[in-house]
Amino acid sequence: MSIARFWRETPRRYNLGGSKCNGCGTVYFPPRLVCPKCTSHRQSIEKMTPFQLSGEGEVISYTIVHDPAEGFEMQVPYVLALVQTTEGPILTGQVVDVEPGTVAIGLKVRATFRKLREEGKAGVIHYGYKFTPREEPGTAPAPRGPAAPVPVPGAPAQDRAAA
């Protein structure tokens, strides 16, 4: 993507700016100029208003990537997910700050802004949204380490079970 195009898309990328149809109330991301759900598309012309998505949602599908696209070689394995936002639109994004094996359908997530990649020798850094697990009030943080205890080398067998 060219640098000029990237900067034109900054409001959408950094703010999760979408649009909402004042006729039927449907929210879109990325923003649209016309609502395809209204019975007559002409009804929605000039009735679409800017709308700020909260970034909150839940994973509805995901995959763990082991064969990365160019530029993501250092991140494997990583999780790529479809996230249903609380406002309705479904966004595709990487789930970070969690072990890939602990991601599941129904995981509550929140959009966060992170480095996506660097472009060329000039080192232009592109930022965008990724998703992190959302801690619900009164719950423990999402697990980050191995599920089973790691045995201590040289410890007696009965102590390994207690470790």
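Numbers below:
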| item | result |
| --- | --- |
| Residue order, fewest to most beta carbons within 10 Å, for Met74, Met48 | Met74, Met48 |
| In the range 95-132, the trypsin sites (Lys or Arg not before Pro) that fall in loop regions by DSSP, at most 11 other Cβ within 10 Å | Lys121 |
| 27 Å Cα-Cα reach of Lys121 towards lysines, excluding residues that sit fewer than 8 places from it in its own chain | Lys130 |
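Only the coordinates and a few stated rules stand behind these numbers; no lab work does. The structure presented is a predicted model; accordingly, all values stated were derived computationally and were not measured. We place every Cβ from the backbone using ideal geometry, glycine too, and count neighbours over all the protein chains shown.
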